[in-house]
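Some notes on the structure that comes next.
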Amino acid sequence: MLDFVGGYGTLSKYFGLKLLIFDPYIKDCNIDYISKEDYETKKYKVVFNSAMFEYIRNRNDLEQLNQLVDNNGILIIHTVVCERIPKDSNWFYLRPLVHCAFHTNHSMEILMDQWSYTASIYCPQAKSWVLLKKKVDNIQKKNS
């Protein structure tokens, strides 16, 4: 599993996991980041991305993320996805004033189609969207 733009390895530390990490912006001498060669040539079964989608202003940056996912892999994206973007200047996701991209169910569906994902799972509580390249037949919805 690769933590894309994983910074200081917070996800690994929080869950006690040994994840591969790529981050072009942050370097910590105590973290073993993947090499530029691995970034450019390898694919990963699971690629996790936390809190990046809302900062991206250029489609190429999203493409770089997707290119890391194996042909039968999974992309896990942690971001807010809405049915529609509220027209409210006090909307909690607009308030930090650094978020510049907002995603709807429809925009995520477009990306899924363009990137050849066959199924998805969205967990509103975790604000995580799981995109699957290969259909999984035995996933059941949990009633809450």
Classify the range 1-75 as rounded, prolate or oblate, taking a ≥ b ≥ c as the square roots of the eigenvalues of its Cα gyration tensor: rounded when a/c is under 1.5, otherwise prolate if a/b is larger than b/c and oblate if not.
rounded
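Taking the mean number of other Cβ atoms within 10 Å as a proxy for protection, how do you rank 9-17, 102-110 from highest to lowest? It would help to have the intermediate numbers written out before the result.
Values: 9-17: 12.2, 102-110: 14.4.
Order by mean packing, descending: 102-110, 9-17.
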If I histogram all Cα-Cα distances within the chain using bins 5 Å wide from 0, what percent of pairs lands in each bin?
2, 8, 17, 21, 20, 16, 10, 4, 1
For the range 73-109 and the range 9-40, write down the distance between their C-alpha centroids in whole Å.
25
Vicinal HN-Hα couplings computed from phi for the range 13-20 (Karplus, 6.51 cos²θ - 1.76 cosθ + 1.60; Hz; Gly/Pro x):
5, 4, 9, x, 9, 9, 9, 6
The chain: relative contact order in percent, alpha carbon pairs under 8 Å with at least 6 residues between
20
The FRET efficiency for Lys87 and Trp115, from their Cβ-Cβ distance with R0 = 30 Å and rounded to 0.05, is 0.55
Amide H neighbours of Thr104 under 5 Å, at least 5 residues apart or on other chains, H built in the peptide plane: list them.
Cys82
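Readers should treat all values here as calculations from the given coordinates under stated rules, not as data from a laboratory. Fair warning: this is a prediction, and the values are worked out from it, not measured in the lab. No Cβ is skipped: glycine too gets one built from the backbone with ideal geometry, and neighbour counts run over all protein chains shown.
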